[in-house]
Amino acid sequence: MANYPSIDSELLRTFVAIADHGGFTRAAEMVNRTQSAVSMQMKRLEEDVMQRPLFQRDGRQLSLTAEGQVLLGYARRILKLHGEVMNTLREPHMVGAVRIGTPDDYVMRFMPGILSRFAQAYPLVQVELHCEPSFQLLQRQDLDLTIITREPGTEIGQLLRQERIVWAEAQGFCPHEQEPLPLAMFNAQCFCRSWACNALDAMEREYRIAYTSPSLAAIMAVVSAGLAVTAQLQSLITPDLRILGEAEGLPSMPSASIVLLRNSASQSPVTECLAEHIAEGFRL
């Protein structure tokens, strides 16, 4: 049997942080180390353990090599299993309660799988789920974990994923051909709505806000009935809808960031375990 070198889980944790945050500087903040310490960790991982380069630079852009991409998949699995083993052995009967805040955008798309896996690991933990728009969740101080949507460049907390905003309408309907264009959007405080309106204004496309609601389910019900066009994160577009673009006379839209906030005043093994499940669920 070959005698391969062991891989320190802390090296893998730092490696994943670099891949997730696009560079050594942000990764150093996430793993609470100096940038030089992170560089030394990666030098050790590349030279002593893997014996091949894991990163490549194109100007100021850092990306993974083919070998780095392979390692990233294994690293995520190893860290996930490591966390599950330690949590199970150290806290085999973990109990308590955790309060999560999230826009209802993500409840049906992401939370069922996350909560199902968490419940299997920790069946005695009580979870309270509070659904409100991002701007309201930011004002709350009583939540342990909060998932919100942010504009690129204003991210706070842990970045879960970035996604493009897309236009969509119901299959078999053509509300995009109407003048003015009927829109179904979140309430005025939603920056996605501002993006959509500003993009239409820039191309001098007439539109009207025909339907508003803080509920994604309500907006999608209107859109599915063929009454309006909406602009939402691409992962939220259901199979009964079709994505629209420049061919239908609609402007391209930027990406938005989904982030996870931790309440420093109420951190515990329970909340940290759920935070790890949330991060994993949003990567799927």
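Some points to look at:
- Exposure proxy for Met203, Met40, Met111, Met30: other Cβ atoms within 10 Å of each Cβ, ordered fewest to most, give Met203, Met40, Met30, Met111.
- The long axis of helix 66-90 is offset from the longest Cα principal axis of the chain by roughly 80 degrees.
- Summed residue charge, Cβ within 14 Å of Val70's Cβ, Lys/Arg positive, Asp/Glu negative: +1
- Cα-based Kirkwood hydrodynamic radius, the chain, one decimal, Å: 21.2 Å
- Degrees, to the nearest 10: 191-202 long Cα axis against longest axis of the chain: 50 degrees
- The chain: angle of helix 35-44 to the longest principal axis, Cα-based, in degrees nearest 10: 60 degrees
- Between the stretch 19-70 and the stretch 154-228, the alpha-carbon center distance in angstrom: 38 Å
- Segment Ser266-Gln69, length gained on full extension (0.36 nm per residue, minus Cα span): 67.4 nm
- Under 18 Å from the Arg117 label point (7 Å along Cα→beta-carbon), backbone N, the stretch 249-284: 258-261, 270-284
- Approximate shape of the stretch 31-87 as ellipsoid semi-axes (Cα gyration tensor, √5λ), whole Å, largest first: 22, 15, 12
- Summed residue charge, Cβ within 15 Å of Gln51's Cβ, Lys/Arg positive, Asp/Glu negative: -1
Only the coordinates and a few stated rules stand behind these numbers; no lab work does. Please read all numbers here as calculations on a predicted model, not as lab measurements. A quick note on method: Cβ atoms are made from the backbone with ideal geometry, for glycine too, and the neighbour counts reach across all protein chains shown.
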